[in-house]
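Participant: Dropping the structure in here first, questions after.
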Amino acid sequence: MTRRPLVTVILAAGKGTRMKSEKPKVLHAIGGRSMLGHVLAVTEQLGAQSTAVVIGPEMEAVRDEALRQAPGAGIWIQSAQDGTARAVLTARDALAGHSGDVLVLYADTPLLTADTLERMRARLDEGAGIVVLGFEAVDPAGYGRLLIDESGWLGAIREDKDASDGERCIRLCNSGVMAFRVDDLPALLDRVGNNNAKGEFYLTDVVEIASKNGLRAAVVECTEDEVLGVNARNQLAEAEAIFQNRARLSAMRDGATLIAPETVWFSYDTKIGRDVVVEPNVFFGPGVSVEDGVEIKANCYIEGTRIGRGARIGPFARLRPGADVGLKAHIGNFVEIKNAVIGVGAKVNHLTYMGDADVGAGANIGAGTIACNYDGFFKHRTQIGNNAFVGSNSSLVAPVTIGDGAYIGSGSVITKNVSADALALERSAQEERTGWAAKFRAIMTRRKAKAG
Ligand code: UD1
Ligand code: MG
């Protein structure tokens, strides 16, 4: 790994009109995190000393997201979107006082990996003055083409609109990601003009300027997938698909079994332990960690949850933020858990809602139990002791506490605390009328016969 200090400049001022969205493009999410968030995470992984994010005017939401993901980032506002070179110059003051390398990244290219960026920095070490990340495009239309000179260095980047027919046949394209030395960059940018088809100040022009001044530019290549730029919703879906495939492979590499990997959806931060078995159609929202040996049956939706070792979840379970499922606990079908701790070995197996609750170790929660946590104004907690037994179809009206080892008779509406080891029963006494059904049937049969 290169030890020189690193500054990153992330360009995010473009409007992203092709997304047809009220939301700025770079706030659209891949794997549950904004595209900008993904790029900031990579710069953090690289240990960047300083990160500058260039945004457009009236992009407060982008600024807020940048600062949420990277509180130390500098925010720079480019008032006119007159080209990528000008965008970098907007953040010129962010370079002052730094030395080492600069990486220029696009916030709409969320799948870049730290490994690739390290390869670019290593190329700077080997004597290149500028390094451009290139890729072989299946369809190069629209991209800047990389023009390699006779000696094998990069002589220039030609934007699609300015390219000759011959140059348009080149498939080696510019991803937009570039590496420079801090000391060279401002002077290079100052020399960029806007005499081109779009009348913009192109960052790509620095390559030609540099090579005419004895600075050599090199290309580091990566796959097209890694530099997929998101401009429209179909590309957002393509990027998501690539992200998901990476996440599935990484979960399997780390020792999880995914029976039908293409049907399991991960978030950027999902943690899956060893010998976890995930059946088809499971969705992991952000903030999930699954410990070793857990079994997740088909059709579960899980977010903001910790699942302890050896627990069994689903099928058809919904675990919402704040769910904490203990060691070897069971959460069964049509069960919803929210902001609730389910103790070691506890069982919540059928058709139940446990919201704002603490369920003790070894407790058994019968089918159809509801923790009534909300009175229309406030949320309240339900506490269920260790080894308590809650009979089916009970409503526990919070705030309420059920003591250790207590029994709740089926169908009870529990509004008062229940002592440890007691039985609480809240329902009318059962009545029995001997022979009533037989008499009733006889009367009705006669009536029906008369009526013909
Ligand atoms: C750019 C490259 C092209 C490359 C392609 C890869 C230039 C001149 N061209 O073209 O060689 O093949 O990316 O996708 O750099 N931005 C600003 N301020 C501006 C203009 C753009 O911040 O004034 C930001 C955009 O938000 C975006 C990035 O810079 O994140 C790239 O801009 P875009 O207009 O998409 O450039 P391309 O035409 O795609
Ligand atoms: Mg683009």
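The values are calculated or read from the model by the stated rules, or taken from the named source; none is laboratory data. Just so it is clear, the model here is predicted, and its values are computed rather than measured. Positions of Cβ are generated from backbone atoms using ideal geometry, with glycine treated the same way; all protein chains shown enter the neighbour counts. For the accessible areas, the whole protein counts, side chains as well, though only heavy atoms, and no ligand, DNA or RNA atoms are used. Shrake-Rupley method; radii C 1.70, N 1.55, O 1.52, S 1.80 Å.
Participant: Order these peptides, 344-355, 52-63, by their mean beta-carbon neighbour count within 10 angstrom, highest first.
Facilitator: Descending packing order for the listed peptides: 344-355, 52-63.
Participant: Which aspartates and glutamates, if any, have their Cα less than 13 Å from the Cα of K416, not counting same-chain residues under 8 positions apart?
Facilitator: E426
Participant: Can you show me the helix-derived [θ] at 222 nm for the chain, built from DSSP H runs with n ≥ 4 at -39,500 (n - 2.57) apiece and divided by the number of residues, rounded to the nearest 500.
Facilitator: -6500 deg cm²/dmol
Participant: So how exposed is W265, as accessible area in Å² (1.4 Å probe, rounded to 10)?
Facilitator: 90
Participant: Then there is this: Grab the eigenvalues of the alpha-carbon gyration tensor for the stretch 40-193, scale each by 5, take roots, and send me the semi-axes largest first in whole angstrom.
Facilitator: So the three semi-axes of the stretch 40-193 are 26, 18, 16 Å.
Participant: With the Cα gyration tensor of the stretch 310-393 giving a ≥ b ≥ c as the square roots of its eigenvalues, does the rule (a/c under 1.5 for rounded; else a/b larger than b/c for prolate; else oblate) give rounded, prolate or oblate?
Facilitator: Rounded, because the longest to shortest axis ratio a/c is under 1.5.
Participant: Output the antiparallel fraction of DSSP beta bridges having both residues in the stretch 1-71, as a percent to the nearest 5.
Facilitator: Antiparallel bridges make up about 25 percent of those DSSP assigns within the stretch 1-71.
Participant: Let me ask something additional. Using a probe radius of 1.4 Å on heavy atoms only, what accessible surface per residue do you get for the chain? Whole Å² is fine.
Facilitator: On a per-residue basis, the chain sits at 48 Å².
Participant: Moving on to the next point. What is the magnitude of the charge dipole of the chain about its Cα centre, with +1 placed on the Cβ of each Lys and Arg, -1 on the Cβ of each Asp and Glu, and no other charges, expressed in debye to the nearest 20?
Facilitator: Result for the chain is approximately 2640 debye, rounded to the nearest 20.
Participant: Can I ask one more? Top to bottom by accessible area (1.4 Å), largest first, where do Y301, Y202 land?
Facilitator: Y301, Y202
Participant: Let me ask another. Return the FRET efficiency for the residue pair N231, R168: r is the Cβ-Cβ distance, R0 is 30 Å, and the value is rounded to the nearest 0.05.
Facilitator: With R0 = 30 Å, the Cβ-Cβ based efficiency is 0.95.
Participant: With all protein chains present and a 1.4 Å probe, how do F283, F180 order by accessible area, largest first?
Facilitator: Solvent-accessible surface, decreasing: F283, F180.
Participant: Compute and list, largest first, the equivalent-ellipsoid semi-axes of the stretch 160-231 from the alpha carbon gyration tensor, each √(5λ) rounded to a whole angstrom.
Facilitator: Here the semi-axes work out to 21, 17, 13 Å.
Participant: Name the shape class, rounded, prolate or oblate, that the alpha-carbon gyration tensor gives for the stretch 6-92, where a ≥ b ≥ c are the square roots of its eigenvalues, rounded holds for a/c under 1.5, and otherwise prolate holds if a/b is larger than b/c and oblate otherwise.
Facilitator: oblate
Participant: Mind scanning K338/K379; K297/K328; K20/K271; K15/K198; K271/K338; K297/K347 and naming the pairs with a C-alpha gap bigger than 22 Å?
Facilitator: Over 22 Å Cα-Cα: K20/K271.
Participant: Ok, one more. How many nm separate the modelled label positions at E426 and D183, each set 7 Å beyond the Cα in the direction of the Cβ?
Facilitator: About 7.8 nm, to one decimal.
Participant: Could I ask something else about it? Which three numbers, in whole Å and largest first, are the semi-axes of the equivalent ellipsoid of the stretch 340-442 derived from its Cα gyration tensor as √(5λ)?
Facilitator: For the stretch 340-442, the semi-axes come out at 30, 15, 13 Å.
Participant: Across the Cα atoms of the chain, what radius of gyration and what greatest pairwise Cα-Cα distance (Dmax) are found, in Å?
Facilitator: Over the chain's Cα set, Rg and Dmax evaluate to 31.0, 113 Å.
Participant: Here is a follow-up. Hey, any idea what % of the chain's accessible area is carbon plus sulfur with a 1.4 Å probe?
Facilitator: 50
Participant: With the cut-off at 1.5 for a/c, could you classify the stretch 257-297 from its C-alpha gyration tensor as rounded, prolate or oblate?
Facilitator: Here the stretch 257-297 falls in the oblate category.
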